[in-house]
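Participant: Submitted below is the structure of interest, expressed as structure tokens.
The values are calculated or read from the model by the stated rules, or taken from the named source; none is laboratory data. From a predicted model like this one, the values you see are computed outputs, not experimental measurements. Cβ placement follows ideal geometry from the backbone for every residue including glycine, while neighbour counts extend to all protein chains displayed. Heavy atoms of the whole protein, side chains included, go into the accessibility calculation; ligands, DNA and RNA do not. Shrake-Rupley method; radii C 1.70, N 1.55, O 1.52, S 1.80 Å.
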Amino acid sequence: CIYADYYPDTFGRIENGRFVPAEKSEKVQIPEFCFIWPPEEKRKYSVIIMPDNSMAPSINDKDKIIVRHAVYNEFITDNNIYAFIYENKLLIRRLFYNMEEITAKCDNISFPEQIIPKNKIENFFIIGQITGFMQGFKRV
């Protein structure tokens, strides 16, 4: 099992260019079957609630999802789903990166894709990649 912080309300905010998790969290135990690929022991994980229906049908509104926190200088892997903050809003999207911009796409076609140009990158902060779904968990 992997231990993580569960954020039932707000996940956090950006402060001075870095992610600051919300103070209200609970420790939970995540069974390995909840992960899409094997978890890494030395990584930090969080469980958050999907804030909207933008990724339906892959992830639905209010689903509990597992975020594997990014490490410094980690690259975006195209077409993977990430939790990130852009212009002070938590978003869950598929990201695509090129030298000029980052494209954030939704699985739900009723949500528009977003282009984050290179000159707006200071308003963009990756928290981590979505690596699983909680189907039940134990509070520690």
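Participant: Which listed residue (M55, L91, Q29) has the Cα farthest towards the positive end of the charge dipole for the chain, taking +1 on Lys and Arg C-beta and -1 on Asp and Glu C-beta about the Cα centre?
Facilitator: So the residue furthest toward the plus end is Q29.
Participant: Around F111, under 10 Å between beta carbons, what's the net of Lys plus Arg minus Asp minus Glu among the other residues?
Facilitator: Working: positive: R93, K105; negative: D52, D107, E113.
Surrounding charge for F111 is -1.
Participant: Follow-up question, since we're still on this one. Compute, for the chain, the length of the dipole vector about the Cα centre, with Cβ point charges of +1 (Lys, Arg) and -1 (Asp, Glu) only. Units Debye, rounded to 20. Walk me through the intermediate numbers first.
Facilitator: Numbers: 18 positive and 19 negative charges, 64 e Å.
Value, rounded to 20: 300 debye.
Participant: Go ahead and run the numbers for FRET between Y3 and I109, Cβ-Cβ distance against an R0 of 30 Å, rounding to 0.05.
Facilitator: Details: r = 37 Å, r/R0 = 1.23.
Once the sixth-power term is evaluated, E becomes 0.25.
Participant: Also: For E26 and I14 in the same chain, what is the full-extension length gain: residue separation times 0.36 nm, less their Cα-Cα distance, in nm? Spell out each step's value before the answer.
Facilitator: Numbers: separation 12, 0.36 × 12 = 4.32 nm, distance 2.04 nm.
My answer for the length gained is 2.3 nm.
Participant: With a 1.4 Å probe and all protein chains left in place, how much accessible area per residue does the chain have, in Å²?
Facilitator: Numbers: 8260 Å² over 140 residues.
Here the residues of the chain average 59 Å² of exposed surface.
Participant: Which residues' amide hydrogens lie under 5 Å from the amide hydrogen of Y6, considering only partners 5 or more residues apart or on another chain, with H built in the peptide plane?
Facilitator: E26, K27, V28, V47
Participant: In this model, which of K44/K105; K24/K105; K89/K120; K44/K64; K24/K64 are farther than 19 Å apart at the alpha-carbon?
Facilitator: Pairs exceeding the cut-off: K44/K105; K24/K105.
Participant: Would you kindly calculate the translational diffusion coefficient of the chain, applying Stokes-Einstein with the Kirkwood radius from alpha carbon pairs, for 10 °C and a viscosity of 1.306 mPa s, and quote it in µm² s⁻¹ without decimals?
Facilitator: Details: Rh = 15.4 Å.
My calculation gives 103 µm²/s for D.
Participant: To continue, here is another question. Bin width 5 Å, alpha-carbon pairs only: give the P(r) of segment 10-59 as whole percents, running from 0 to the bin holding the largest distance.
Facilitator: Binned Cα distances yield the sequence 4, 14, 18, 20, 24, 16, 3, 0.
Participant: Now a separate question. Any idea how far apart N88 and K120 come out in nm if each label point goes 7 Å out from Cα toward Cβ?
Facilitator: Placing both labels 7 Å along Cα→Cβ, they lie 1.6 nm apart.
Participant: Ranked highest first by the average count of other Cβ atoms within 10 Å around their residues, in what order do 36-44, 79-87 fall? Don't skip to the answer; put the middle values down first.
Facilitator: Numbers: 36-44: 11.7, 79-87: 17.8.
Put in order of decreasing packing, that is 79-87, 36-44.
Participant: Would you grab the residues whose amide H sits under 5 Å from the one on I59? Only those 5+ places off in sequence or on another chain, please, with H modelled 1.01 Å from N.
Facilitator: Close amide H contacts, sequence-distant or interchain: none at all.
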